[in-house]
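Enquirer: My questions all concern the structure below.
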Amino acid sequence: MNFQEILASAVPGKETVVTVGVFDGVHQGHRHLLRQVVDAAGGRYIPTVVTFSNRPITVLNPGTQPSYLTTVEQRVDLIKQQGIDLVVCLEFTLELAEVTAAEFAELLAASLKMKGLILGPDSALGKDREGDLEFMKKQGDQLGFWARSVEPLEVEGQLVKSRRIREAVANGNMAACPELLGRNHHLSGKVVVGDQRGRTLGFPTANIEVDDQLLLPGDGIYASWAIMDGKRHQSATSIGIRPTFGLTQRLVEVFVMDFNDDLYGKTVGVEFINKVRDQEIFDGLEELIRQIKQDVDDCRQVLGRSR
């Protein structure tokens with residue numbers, strides 16, 4: 001279906017208050033905006049989000065391949081956790097990029113019975129970002145909806161933006177995530193067969209297959225929680241290329257402490273708490289094994305404080 005058909009198929013049961021954006025990560029700034037959508041809806045209207053599965057820059061600047069903090073499925077789930085009752089997910093396409101702000105306003109008003117539109121601090125809708133707040137207010141006067149924007153959210157004197165969080169994650173700064181994201185950074189994926197090298201070292205790891213569009217934390221060893229079947233287990237997670245063995249493929253490998261069950265084919269979530277060290281090259285297996293033992297002890301200490 002194209003975007004008109006997807007919007008038309010939403011069929012809300014009553015009038016809505018809407019906001020529009022990508023919402024990658026559903027961070028504290030996004031939550032600040034979503035709370036105002038829920039408050040404005042107040043039970044009279046349906047709090048609604050129109051989100052794009054991809055960033056517009058991937059279409060407007062072909063060849064750009066940005067990384068994401070969350071998959072689309074995770075994003076929709078996190079948005080709904082904030083009290084949003086209706087989430088409409090659109091793919092941003094060349095066709096959608098040509099839709100004017102006036103046309104987009106008409107689509108939202110007609111398809112979603114929109115009575116209120118709340119814009120983020122730097123939001124602008126439609127072709128060439130014509131639809132800023134003043135423009136959408138004028139459209140609302142004609143189409144029967146009100147429009148307003150929210151003030152930006154700051155943490156430690158800086159705006160909370162997805163870019164700021166991606167930089168923290170890429171640098172392995174997991175400690176910054178709870179305050180900026182509102183939760184610990186999280187990845188999930190199926191356990192696939194690896195080279196089983198960890199097993200020969202006495203520390204069998206689960207090799208997690210992660211969506212290649214997701215941003216991985218910087219290379220190193222992390223104290224983490226492995227989440228399986230709704231239960232959290234202490235774990236140590238390695239991200240990197242395992243340079244001691246001369247390998248080049250970047251992997252996410254999780255050693256689940258005090259756990260012996262077969263995990264192949266299961267979906268495992270990884271909740272990152274803190275980085276305990278950078279990736280290193282070791283002179284031999286004995287030195288590597290000693291360091292892994294130390295890593296596990298260090299991770300236990302970190303996780304013991306994070307319960």
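The values are calculated or read from the model by the stated rules, or taken from the named source; none is laboratory data. Computed from a predicted model, the values in this text were never measured in an experiment. So basically every Cβ, Gly included, is an ideal-geometry build from the backbone, and we count neighbours across all protein chains shown. Ligands, DNA and RNA are stripped out before the accessible areas are found, and what is left, the full protein with its side chains, is counted by its heavy atoms. Shrake-Rupley method; radii C 1.70, N 1.55, O 1.52, S 1.80 Å.
Enquirer: Kindly establish whether ALA175 is open to solvent by 60 Å² or more (accessible area, probe 1.4 Å) and among the small types (Gly, Ala, Ser).
Expert: For ALA175, the condition - open to solvent by 60 Å² or more (accessible area, probe 1.4 Å) and among the small types (Gly, Ala, Ser) - is met.
Here is a yes/no grid of residues against (1) open to solvent by less than 30 Å² (accessible area, probe 1.4 Å); (2) touching a helix residue (DSSP H, G or I) at 6+ places or on another chain (Cβ under 9 Å); (3) not aliphatic (A, V, I, L, M):
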residue	(1), (2), (3)
GLY230	no, no, yes
ILE239	yes, no, no
GLN249	no, no, yes
MET257	yes, yes, no
ASP261	no, no, yes
GLY269	yes, no, yes
PHE282	yes, yes, yes
ILE292	no, yes, no
CYS299	yes, no, yes
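Enquirer: Could I ask something else about it? How many residues are outside any helix (DSSP H, G or I) and among the charged types (D, E, K, R) if we restrict to region 93-140?
Expert: 6
Enquirer: Now a separate question. Taking the condition of being surrounded by fewer than 23 Cβ atoms within 10 Å (Cβ to Cβ) and on the phi > 0 side of the Ramachandran plot, how many residues in region 22-51 meet it?
Expert: 2
Enquirer: Shifting gears a bit: Quickly run through region 236-250 and pick out the residues that are modelled with pLDDT under 90 and either under 15 Å from THR205 (Cβ atoms) or assigned to a strand (DSSP E or B) (or both).
Expert: Once the filter is applied, which keeps residues that are modelled with pLDDT under 90 and either under 15 Å from THR205 (Cβ atoms) or assigned to a strand (DSSP E or B) (or both), region 236-250 yields ILE241, ARG242, THR244, PHE245, LEU247, GLN249, ARG250.
Enquirer: Would region 116-126 turn up any residue that is farther than 24 Å from ILE273 by Cα, aliphatic (A, V, I, L, M) and without any contact (Cβ under 8 Å) to a residue 24 or more places away in the chain?
Expert: Yes: one or more hits.
Enquirer: Which residue is least open to solvent (accessible area, probe 1.4 Å), if the candidates are limited to region 210-228 and must be touching a residue at least 24 places away in the same chain (Cβ under 8 Å) and of a type in the set (D, E, K, R)?
Expert: Of everything passing the filter in region 210-228, ASP219 is least open to solvent (accessible area, probe 1.4 Å).
Enquirer: Also, quick follow-up: What are the residues in region 141-178 that are in a helix (DSSP H, G or I) and over 26 Å from VAL38 (Cα atoms), if any?
Expert: The answer is ARG166, GLU167, ALA168, VAL169, ALA170, MET174, ALA175, ALA176.
Enquirer: Can you find, within region 86-123, the residue that is surrounded by the fewest Cβ atoms within 10 Å (Cβ to Cβ) among those that are out of contact with any helix residue (DSSP H, G or I) (no Cβ under 8 Å at 6 or more places or on another chain) and either modelled with pLDDT of 95 or more or over 29 Å from ASN184 (Cβ atoms) (or both)?
Expert: Result: ALA110.
Enquirer: Could you identify the single residue in GLU130, GLU154 that is under 30 Å from PRO178 (Cα atoms) and either in contact (Cβ under 8 Å) with a residue 60 or more places away in the chain or open to solvent by 70 Å² or more (accessible area, probe 1.4 Å) (or both)?
Expert: GLU154
Enquirer: Quick one: is ASP77 part of a loop (DSSP other than H, G, I, E, B) and either within 26 Å of GLN28 (Cα to Cα) or not acidic (Asp, Glu) (or both)?
Expert: So ASP77 fails the test.
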